[in-house]
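The values are calculated or read from the model by the stated rules, or taken from the named source; none is laboratory data. Only a predicted model underlies this, so the values are computations on that prediction, with no experimental measurement involved. Cβ sites come from the backbone with ideal geometry, for glycine too, and all protein chains shown count toward neighbours. Just so you know, the surface numbers come from the protein's heavy atoms only, side chains and all, with ligands and any DNA or RNA stripped out. Shrake-Rupley method; radii C 1.70, N 1.55, O 1.52, S 1.80 Å.
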2 protein chains.
Amino acid sequence: MIKAAIVGYGNIGRAALEALCSAGDFSVCGVVRRSGSGEGVPELQGIPVARRIEDLPQKPEVALLCTPTRSVRETAEAVLKLGISTVDSFDIHSQIPQMHAALDAAAKAGGAAAILSAGWDPGSDSVVRTLLEACAPRGLTYTNFGPGMSMGHSVAIRAIEGVADAISITIPAGAGLHKRMCYVQLKEGYDPAVVKRKIKEDDYFAHDETHVKFVPDVSLVRDMGHGVHIERKGVSGQTHSQRFSFDMQINNPALTAQIMVSAARAALRQQPGCYTLIELPPVDLLPGDRAGHIARLV
Amino acid sequence: MIKAAIVGYGNIGRAALEALCSAGDFSVCGVVRRSGSGEGVPELQGIPVARRIEDLPQKPEVALLCTPTRSVRETAEAVLKLGISTVDSFDIHSQIPQMHAALDAAAKAGGAAAILSAGWDPGSDSVVRTLLEACAPRGLTYTNFGPGMSMGHSVAIRAIEGVADAISITIPAGAGLHKRMCYVQLKEGYDPAVVKRKIKEDDYFAHDETHVKFVPDVSLVRDMGHGVHIERKGVSGQTHSQRFSFDMQINNPALTAQIMVSAARAALRQQPGCYTLIELPPVDLLPGDRAGHIARLV
């Protein structure tokens, strides 16, 4: 059994606990959360809860970092220092190279593995994009998201002063372009025009057409479904018009957490260092031994 | 530049030459074919052609085995013995585990890598199936092929006594079931009933509904297009009805050869041994360095 801890207990943390408990090859060492307590949370009864990973009764081999994406680096570096491998779903695409370098150094220093950006995008979608380039090296890939709530984008809005609650819905606009529909519940006394400007200036939104709508109660429009349509038309050798597409309609936190759990397995099968999903043999994501998977899946 | 040779010069061999010449990181050391000559083949002018790989003027680092699937093992073992890595598109699913063991031993003895079953199915489809299990560990995956000509199945019919020419078309019947439509041109004096029985008894056809039609000229029905629809509905953590699908419509030899060329790159990045595509980091299939791909594709 792989000894795993969950760090952070929001949507992804809860789904990670479900995924760990559903897998047959993990034992849950505990949950790390700011409150340091599982009081009032039914599913945490009987599970150790602590403020720091060092305070859990048993040292985990791997930690699922379910904290907001912007605190992933600090959390990962602290955990890797203890010799505990990490998995995160860091989702700011433009910052992945510098995160990779930082976590690679931290992982090697700690003698552990860091699996970076192990969600669905970045994550499993990245594997699909890589595979399609190997199939048709020349051509265009379009990744079309949604319709669905982007968790990273929603968290980014909620971090803005004056926002009581918010969600960001991604609407596919074709050819890999998207609109961002932001539904925002204001705190009393804040100027909607200022909040709107802050949202549009945020790096999460600055590159897309973004619309901000103010609503009285965000909970009435919240839905965790999401989807993606990846398409590539390209050239294999000298043969044009090779066509590929990948579609999914999924519950977002459930899929993100499941991929993190699968990646936690892979973490323990790698040499120390940092890896994104495209750097991992896909079979390492599955439980049990390779031979059975080769016979069944290849 | 990676020094590569092509062994066998049928449909896949020709497409492999196109894919090698289209890639920027390969040089073609030569083509190995029974005749030992490229006479009368325009695209082989200026390319060394020999009967044995040892007779090529320059020793390749990797050989693309484009021979019929049933002679892959013998060819691979001979090539690996010379310390040359191999890539094949061996496609008899049920025999992959034993091939894996045999080529792993041969590759380790020769200090080279053997990439086994590096076509699209087995091959890139295997990667998709593996990834989808990591995304939703419980559930069902259906691989629906076609409509399109199966090259392995067609070669298997042509090996039967009395067959002048033949193709086998795969028709998807839903839920991963298929019909096999075989179009056969008989040699004079052979009994169609005997040929039909031999086809249906062949391991390629014994497990599917198979229909054999006799036609006067197979060339009039030949078309190299093919396709696949892979679908999975499953459970991530405790969330049901996660839905995934992968589709492609492709030229079959062009895609097979392209994946073999991509796998040839990966071969030179692995420790000695045998690998199927699900055992390779996907990024190893692409030319150039990892950092750029991580920044661009993750």
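With a 10 Å cut-off around each Cβ of B:119-128, the average count of Cβ atoms from other chains is 4. Between the range B:14-41 and the range A:43-99, the alpha-carbon centres lie 50 Å apart.
A simple spin-label model places pseudo-atoms 7 Å from Cα toward Cβ; at residue B:209 and residue A:247 they are separated by 2.5 nm. Put simply, the amide H of residue A:26, placed in the peptide plane, has neighbours under 5 Å in A:2, leaving out anything fewer than 5 places away on its chain. Over the C-alpha atoms of the range B:201-298, the Rg to Rh ratio, Rh being the Kirkwood estimate, stands at 1.08. Could you derive backbone 3J(HN,Hα) for the range A:234-248 from the dihedral phi with the Karplus parameters 6.51, -1.76 and 1.60 (θ = phi - 60°), listing whole Hz in sequence and x where the residue is Gly or Pro? Per residue, the Karplus-derived 3J(HN,Hα) values read x, 10, 9, x, 10, 9, 8, 6, 6, 10, 9, 8, 10, 10, 8 Hz.
Phi angles across the range A:154-160 convert, under the Karplus curve 6.51 cos²θ - 1.76 cosθ + 1.60 with θ = phi - 60°, into 3J(HN,Hα) values of 5, 4, 4, 5, 5, 7, 7 Hz, Gly and Pro given as x. Could you give the distance between the Cα centres of the range B:237-262 and the range B:112-185, to the whole Å? Each part reduced to its Cα centre gives a spacing of 12 Å. Cα-Cα pairs above 24 Å in the range B:129-234: how many percent? So the portion of pairs separated by more than 24 Å is 31 percent.
Taking the label point 7 Å from Cα in the Cβ direction, how far apart in nm is residue A:57 from each other copy of itself, listed shortest first? Output for residue A:57: 7.4 nm, nearest copy listed first.
From the P(r) of the range B:28-155, could you give the percentage of C-alpha pairs in the tail past 18 Å?
That fraction is 61 percent.
Around the amide H of residue A:178, modelled in the peptide plane, lie the amide H atoms of A:173, A:209, all under 5 Å away and 5 or more residues distant in sequence or on another chain.
Sorted from nearest, the other copies put their residue A:70 label points 6.5 nm away, the label point being 7 Å from Cα in the direction of Cβ. In nanometres and ascending order, the distances from the residue B:93 label point to those of the other copies are 3.4 (point 7 Å from Cα along Cα→Cβ). Residues A:181, A:260, sorted by accessible area with the largest first, give A:181, A:260 [1.4 Å probe; ligands and nucleic acids excluded].
Chain A gives an Rg/Rh value of 0.98, both radii derived from C-alpha positions and Rh following Kirkwood. By accessible area, using a 1.4 Å probe on protein heavy atoms only, chain B has 51% of its surface on carbon and sulfur.
Per residue, the convex hull spanned by the Cα atoms of the range B:84-126 measures out at 55 cubic angstrom.
Residues in the protein assembly as shown average 40 Å² of solvent-accessible surface per residue, probe 1.4 Å, ligands and nucleic acids excluded.
For a modelled paramagnetic label at residue A:193, 7 Å from Cα along Cα-to-Cβ, the residues of the range A:202-221 in reach, with backbone nitrogen under 18 Å, are A:212-214.
Residue by residue along B:240-249, Cβ atoms of other protein chains within 10 Å of the local Cβ number 6 on average. Each residue of the range A:130-147 is assigned a 3J(HN,Hα), and the resulting list reads 5, 4, 5, 5, 5, 7, 8, x, 10, x, 10, 10, 10, 9, 10, 9, x, x Hz, derived from the Karplus form 6.51 cos²θ - 1.76 cosθ + 1.60 (θ = phi - 60°), x at Gly and Pro.
Check which residues have an amide H placed less than 5 Å from residue A:215's amide H, if you skip close sequence neighbours. Result for residue A:215 returns A:184, A:185, A:186.
Mind ordering A:32-40, A:215-223, A:89-97 by average Cβ neighbours within 10 Å, highest first?
My ranking of the peptides, most packed first, is A:89-97, A:32-40, A:215-223.
The range A:11-74 gives an Rg/Rh value of 0.93, both radii derived from C-alpha positions and Rh following Kirkwood.
The convex hull around the C-alpha trace of the protein assembly as shown, projected and averaged over every direction, spans 28.6 square nanometres. Summed over qualifying helices (DSSP H, 4 residues or more, each -39500 (n - 2.57)) and divided by its residue number, chain B shows a 222 nm mean residue ellipticity of -9500 deg cm²/dmol. Annotation: the antiparallel percentage among DSSP beta bridges lying fully within the protein assembly as shown is about 55.
Chain B and chain A together bury an accessible surface of about 5100 square angstrom, both sides counted, with a 1.4 Å probe and no ligands or nucleic acids included.
When every Cα-Cα distance of the range B:54-97 is counted in 5 angstrom steps from zero, the calculated P(r) takes the values 5, 22, 31, 23, 12, 4, 3, 0 percent. Placing unit charges on each Cβ (+1 for Lys and Arg, -1 for Asp and Glu) gives the range A:89-162 a dipole about its Cα centre, and among A:97, A:160, A:150 the Cα reaching farthest toward its positive end belongs to A:97.
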